[in-house]
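The values are calculated or read from the model by the stated rules, or taken from the named source; none is laboratory data. Every value quoted in this text rests on a predicted model; they were computed, and no experiment measured them. Cβ atoms come from the backbone with ideal geometry, glycine included; neighbour counts cover every protein chain shown. These accessible areas exclude ligands, DNA and RNA; they are computed on the full protein's heavy atoms, side chains included. Shrake-Rupley method; radii C 1.70, N 1.55, O 1.52, S 1.80 Å.
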Amino acid sequence: MNGKVYLVGAGPGAGGLITLKGRDLIRSADVIVCDRLVDEEIMEMIPADTERIDVGKNAGHHPVPQDRINEILLEQARAGKQVVRLKGGDPFVFGRGGEELELLEENGIAFEVVPGITSAIAAAAYGGIPVTHRDFCSSVHFITGHARAGKELEIDYESLVRLKGTLVFLMGVSNAGQLARGLLGAGMDPEEPTGIVENGTRSNQRTFVQPLRELADAVEKHGIRSPALLIVGKVCSLADRFGWFDRLPLKGKRFLVTRPEAGASRLAEGLRQMGAQVTVRPAIRTEAIRPLNISDGPYDTVVFTSAAGVKSYCESLLEEGRDARWFAGRKIACIGSATAAALREFGLQADFIPSVFSGEALGREMIDGGFVTGDSRVLLLRTDMASRDVTDALEQAGIAYEDIPVYRTELLAAEETFAPEEFDVITFTSRSCVEGFTGGKSRKEFEDCVALCIGEKTAEAARRYGFQVVCSEEATIGSMIAKATEI
Ligand code: SAH
């Protein structure tokens with residue numbers, strides 16, 4: 001049985017700009033054949049065990065020739081696989097999507113095309129340039145600024161000038177001078193506004209607006225590199241007013257998120273929404289411990305110090321054919337709001353959350369506020385790497401407790417290849433993330449790195465390894481994101 005090929009548009013860059021259908025196909029594909037223009041944010045959506053074939057092209061030279069790409073798609077489909085051919089922007093807008101379908105169609109291979117958001121519209125929009133506007137134009141034209149090998153550009157400049165529409169040149173960076181001369185030669189006003197949007201929709205986007213007579217110089221002066229759009233038309237004059245993306249507070253800042261996959265997305269997404277470039281490289285991995293065999297014991301108070309602990313324990317109850325009624329008659333304390341939110345997913349409310357989200361405050365405030373007393377029987381459900389903060393406080397107050405690990409925290413190999421100049425800020429959401437990331441060793445490079453930490457304990461650990469530390473006001477992801485804008 002032959003498989004099927006999905007030609008999927010990955011959008012212009014930013015991870016949110018892929019279609020739902022495209023994302024679902026990426027998650028379920030057997031093999032992904034991808035391009036250079038596909039962004040890291042999109043690549044992160046590919047499950048770790050999915051096969052990838054990189055046929056990425058660099059401007060000017062094609063490491064994998066088009067014919068070979070076409071054959072790879074055919075071979076993979078013939079092997080019975082669901083193949084996703086991931087292409088930057090939209091597959092049919094200067095994407096050679098048509099060429100890739102020809103061989104499949106000739107060989108009777110089933111295929112589908114999933115359109116993508118083309119950079120020709122999206123990069124302009126992120127640069128504050130609406131490709132049409134009733135006051136300025138009544139058409140928009142997409143033009144390649146790249147000639148086929150050994151050939152001249154074949155552009156009918158007279159027609160383009162006569163149409164008075166917005167002109168969007170793709171692949172035009174290296175021919176900017178020729179394009180501008182062509183338009184001027186055909187009578188276009190030298191003062192006609194033009195825009196350049198380099199790396200559109202990505203955190204390192206740059207946008208420039210200038211009159212046509214200065215376009216080629218601007219490309220040179222700013223060192224514009226592919227991928228970039230060259231846009232010609234009155235709509236470009238709106239960029240100064242509508243350039244929303246370049247004004248985001250974290251625009252251009254590069255963040256490294258070291259949280260485990262499950263918790264990383266909220267932090268990564270929040271930072272990205274503020275314009276940051278975010279790389280996710282988990283420094284720890286958590287794994288539920290099974291079987292748990294927790295007795296019905298005489299516990300009257302259950303304490304959770306992480307969402308992972310709640311998830312592991314509550315799922316274990318369900319796996320054993322039991323449910324939230326196990327908690328009946330027992331009080332529940334949580335370290336903070338995210339842990340309480342995880343509890344609510346299982347239909348449970350926290351009875352106690354400390355004013356500051358730390359183990360130390362949890363222990364102290366439970367005791368000072370009388371939530372636990374000398375008569376309490378406390379059950380702590382935590383990681384195998386939990387700190388002594390809560391247990392020390394309980395011991396000092398003479399309160400009996402049992403501390404049962406419900407999940408394991410595994411430190412992932414230290415980032416040997418880590419280059420500090422790659423990032424402006426490294427985020428740590430727990431002490432174990434710091435331990436995992438550093439591999440327990442201080443390094444000279446850390447002194448040049450800003451570490452954004454979730455709480456005092458995490459900050460202390462990061463300081464120990466030599467980082468320049470910034471700590472969020474509260475131990476929440478929201479507060480970390482707010483703090484990020486002050487760095
Ligand atoms: N199929 C793609 C275009 C491929 S041609 C699409 O629909 O977007 C490659 C050209 O697209 C580049 O030379 C550049 O002009 C443009 N391009 C692609 N991504 C871009 C981006 N993020 N910002 C600006 N231009 C981009």
*With Cα atoms, 0 to 90° folded angle of helix 307-319 axis to the chain main axis*: 70
_Expected output is a single nm value to one decimal: the length gained when fully extending between Ser295 and Ala79, i.e. 0.36 nm times separation in residues minus the C-alpha distance. What is it?_
72.6 nm
*In the P(r) worked out for the chain, what percent of Cα pairs fall beyond 41 Å?*
36
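Evaluate E = 1/(1 + (r/R0)^6) for Phe142 and Ser355, where r is the Cβ-Cβ distance and R0 equals 56 Å; express this FRET efficiency to the nearest 0.05.
Details: r = 57 Å, r/R0 = 1.02.
Plugging the Cβ-Cβ distance into 1/(1 + (r/R0)^6) gives 0.45.
Once you keep just the Cα pairs under 8 angstrom separated by 6 or more residues, what percentage relative contact order results for segment 286-410? Could the numbers behind the result be given before it?
Numbers: 223 pairs, mean separation 40.3, N = 125.
Across segment 286-410, relative contact order equals 32 percent.
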*Coordinate range along principal axes, alpha carbons of segment 207-358, Å, largest first*: 82, 28, 27
*Hey, got the Cα dimensions of segment 286-410 along the principal axes, in Å, largest first?*
36, 32, 23
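Volume per residue, Å³, of the convex hull around the alpha-carbon atoms of segment 4-117? Walk me through the numbers before you get to the answer.
Numbers: hull volume 10.1 nm³, N = 114.
Convex hull of Cα atoms, per residue: 88 Å³.
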*For Lys441, list the aspartates and glutamates whose Cα falls under 14 Å from its own Cα; do not include residues on the same chain fewer than 8 positions away.*
Glu415, Glu416
*Of Lys253/Lys444; Lys444/Lys483; Lys81/Lys253; Lys87/Lys251; Lys251/Lys444; Lys253/Lys311, those spanning more than 31 Å from alpha-carbon to alpha-carbon*: Lys81/Lys253; Lys253/Lys311
*Placing +1 at every Lys and Arg Cβ and -1 at every Asp and Glu Cβ, with all other atoms neutral, what dipole size does the chain have around its Cα centre, in debye to the nearest 20?*
560
*Go from 0 up to the bin containing the longest alpha carbon distance in segment 335-475, width 10 Å each, and give me the % of pairs per bin.*
11, 35, 32, 17, 5, 0
*Residue by residue, what Karplus-based ³J(HN,Hα) values in Hz, rounded to whole numbers, does segment 41-53 have, using 6.51, -1.76 and 1.60 with θ = phi - 60° and x for Gly and Pro?*
4, 6, 4, 5, 6, 6, x, 4, 9, 7, 5, 10, 10
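With a ≥ b ≥ c taken as the square roots of the eigenvalues of the C-alpha gyration tensor of segment 121-246, please select rounded if a/c is under 1.5 and otherwise prolate if a/b is larger than b/c or oblate if it is not?
Taking the square roots of the gyration eigenvalues as a ≥ b ≥ c, segment 121-246 is oblate.
Leaving out ligands and nucleic acids, note down the accessible area per residue over segment 415-469 with a 1.4 angstrom probe, in whole Å². All intermediate terms of the calculation are to be shown ahead of the outcome.
Numbers: 2380 Å² over 55 residues.
Computed with neighbouring chains in place, this is 43 Å² per residue.
Keeping all protein chains in place, calculate the accessible area per residue for segment 4-117 (probe 1.4 angstrom), answer in Å². Don't skip to the answer; put the middle values down first.
Details: 5090 Å² over 114 residues.
Per residue, segment 4-117 has an accessible area of 45 Å².
Return the FRET efficiency for the residue pair Arg408, Ala482: r is the Cβ-Cβ distance, R0 is 35 Å, and the value is rounded to the nearest 0.05. Spell out each step's value before the answer.
Numbers: r = 32 Å, r/R0 = 0.91.
Once rounded, the FRET efficiency stands at 0.65.
What net charge is computed for the residues neighbouring Glu421, neighbours being all others with C-beta under 11 Å from the C-beta of Glu421, Lys and Arg scored +1, Asp and Glu -1?
Numbers: positive: Arg254; negative: Glu422, Asp424, Glu445, Asp448.
Within the 11 Å Cβ shell, the charges total -3.
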*For Glu422 paired with Glu320, estimate the spin-label separation in nm (one decimal), with each label point 7 Å from Cα along the Cα-to-Cβ line.*
4.3
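Normalising by the residue count of segment 121-246, find the relative contact order in percent from Cα pairs under 8 Å and 6+ residues apart. Intermediate results must be reported in sequence, preceding the final value.
Values: 252 pairs, mean separation 45.6, N = 126.
The normalised contact order for segment 121-246 reaches 36 percent.
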*Over the chain, relative contact order from alpha-carbon pairs under 8 Å, at least 6 apart, %*: 10
_Accessible surface of the chain, 1.4 Å probe, proportion on carbon and sulfur as whole %_ = 49
